[in-house]
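Engineer: If you scroll down you'll find the structure; I have some questions about it.
Just so you know, all these numbers are worked out from the coordinates, no wet-lab data involved. Given the structure is predicted, the values throughout are model-derived calculations rather than measurements. Using ideal geometry, Cβ is built from the backbone for each residue, glycine included, and neighbour counts are taken over all protein chains shown.
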Amino acid sequence: MYKYLFGPVPSRRLGMSLGVDLVPHKVCSLNCVYCECGRTTNLTVERKEYIPYDEVVSEIDHYLKHNPNPDYFTFSGSGEPTLNSRIGDVLHFIKSNSKVPVAVLTNGTLFYDKAVRDELLEADVVLPSLDAAEELAFRKINRPWHKLNISEYIRGLVDFRNEYNGQIWLEVLIIPGMNDNQENLNALKDAFLKIHPDEIQLNTLDRPGAIENIRAATRKELQDIVDFWDLPQVKIIAAAPDRKKIVSYRDDTESAILETIKRRPCTLEDLHKILGLHINEINKYLDVLEDEKKILSVREKRGVFYKINSL
């Protein structure tokens, strides 16, 4: 068992993806209403060595010596990885000791800082998110650290595009009623035309987010947005069941989650503590199980609980 590595996770976009977690649970610069990992507990833009560099690279070194190579090393986790001030050093260690490509899943809010942009230049693909390009929608959906603003956010993404030679896959998550009206969609398109991402990956909720009264967009709603933007690099992310086709999808992990929930309904945090699996890894399996209607999610006072669907 590793402390800072998790998976390989069956990723819809990155295949057999080995996660590298560089910050403690829910240390983030945003507190997004849709986050499946729950509410942010430390809302900050303070960069520091949250997870010790020596411990992370020791685990990576051990993994490389004792396991087959994953499709990607992926900086992700349950917080914002660029908040770790040694992310560039960890990235350089991987690139110096393996031929495995590296992906960085980031909210992109710290790209106003040239030091952050420079630290990611060795990555093979960077996947920033941009759910709104208009200030009010940004604050309503992403609930940022108080001094972050949307113009600085977009400017950082534009600057990174101008400095970075790798792939940029920009993820946009649609929440009907929050960022899908004409004003918001036009503002997003204007931002895309400035950023020039290689791909624009349109996504929506798989499961309940951090607050009530939000829903997933339908496939038709997403396709209508693709048609409205009329840009060649926009694509709708594949549905959760496709994860089952990925080599890293483990039936024993699925079974362990189901057996645990059968005993009693559990929150994501409960499953993390009981099974010892990383929250991001559990989330991938919950997406599939809920899509297959094997489990249900129910919001209660302590949070979202998952239980067996008896129908």
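Engineer: Aspartates and glutamates near Lys294 by alpha-carbon distance under 17 Å, same-chain residues fewer than 8 away left out - which ones?
Structural biologist: Straight-line reach from Lys294, under 17 Å: Asp206, Asp242, Asp251, Asp252, Glu254, Glu259.
Engineer: Determine the dipole magnitude for the chain: charges of +1 sit on the beta-carbon of Lys and Arg, -1 on that of Asp and Glu, nothing else is charged, the reference point is the Cα centre, and the result goes in debye to the nearest 20.
Structural biologist: Rounded to the nearest 20 debye, it is 880 debye.
Engineer: For region 6-37 and region 124-165, write down the distance between their C-alpha centroids in whole Å.
Structural biologist: Result: 18 Å between the Cα centres.
Engineer: Positive end of the dipole of the chain, charges at C-beta (+1 Lys, Arg; -1 Asp, Glu), about the Cα centre: which of Met178, Ile257, Thr106 has its Cα farthest in that direction?
Structural biologist: Ile257
Engineer: Rg/Rh for the chain to two decimals, with Rh computed the Kirkwood way over all alpha-carbon pairs.
Structural biologist: 0.94
Engineer: Still on this structure, I have one more. Just order 60-67, 27-34 by mean Cβ neighbour count inside 10 Å, highest at the front, would you?
Structural biologist: 27-34, 60-67
Engineer: Quick check: pseudo-label points 7 Å beyond the Cα along Cα→Cβ at Lys294 and Leu275, how many nm apart are they?
Structural biologist: Computed distance between label sites Lys294 and Leu275 equals 1.0 nm.
Engineer: While we're on this one: Contour minus end-to-end for Asn213 and Asn42, with contour as 0.36 nm per residue of separation and end-to-end as the Cα-Cα distance?
Structural biologist: Value of the extension gain: 59.2 nm.
Engineer: So, one more: Determine the percent antiparallel among the DSSP beta bridges restricted to region 5-239, to the nearest 5.
Structural biologist: Approximately 15 percent, going by the DSSP bridge assignments.
Engineer: Then there is this: By count of other Cβ within 10 Å, fewest leading, how are Phe75, Phe93 ordered? Let's see the in-between values first.
Structural biologist: On the way: Phe75 27, Phe93 16.
Fewest-to-most Cβ neighbours within 10 Å comes out as Phe93, Phe75.
Engineer: Moving on to the next point. Do the alpha carbons of any pairs in Lys140/Lys235; Lys273/Lys293; Lys114/Lys194 sit beyond 29 Å of each other, and which pairs?
Structural biologist: In this structure, no pair lies more than 29 Å apart at Cα.
Engineer: In addition: So for Glu269, Glu221, fewest C-beta neighbours within 10 Å to most, what's the order? If you can, show how the numbers build up before the last one.
Structural biologist: Details: Glu269 16, Glu221 13.
Ascending Cβ contact count within 10 Å gives the list Glu221, Glu269.
Engineer: Enumerate the amide H contacts of Ile236 below 5 Å, restricted to partners 5 or more residues apart or on another chain; note that Pro and chain-start residues carry no placed amide H.
Structural biologist: Under 5 Å from the amide H of Ile236 lie the amide H atoms of Leu202, each far enough along the sequence or on another chain.
Engineer: In the chain, if the dipole is taken from +1 on Lys/Arg beta carbons and -1 on Asp/Glu beta carbons about the Cα centre, which of Thr218, Leu157, Gly19 is farthest to the positive end?
Structural biologist: Thr218
Engineer: In region 126-159, what trypsin sites (Lys or Arg not before Pro) fall in a loop by DSSP, with at most 10 other Cβ atoms inside 10 Å?
Structural biologist: Of the trypsin sites (Lys or Arg not before Pro), the ones in loops of region 126-159 whose Cβ has at most 10 other Cβ atoms within 10 Å are Lys147.
Engineer: What does the helix-only formula give at 222 nm for the chain: each DSSP H stretch with n ≥ 4 adding -39500 (n - 2.57), the total divided by the residues, and the result rounded to the nearest 500 deg cm²/dmol? Don't skip to the end; give the middle numbers.
Structural biologist: Working: 10 runs with 112 residues, N = 311.
Calculated at 222 nm, the ellipticity per residue is -11000 deg cm²/dmol.
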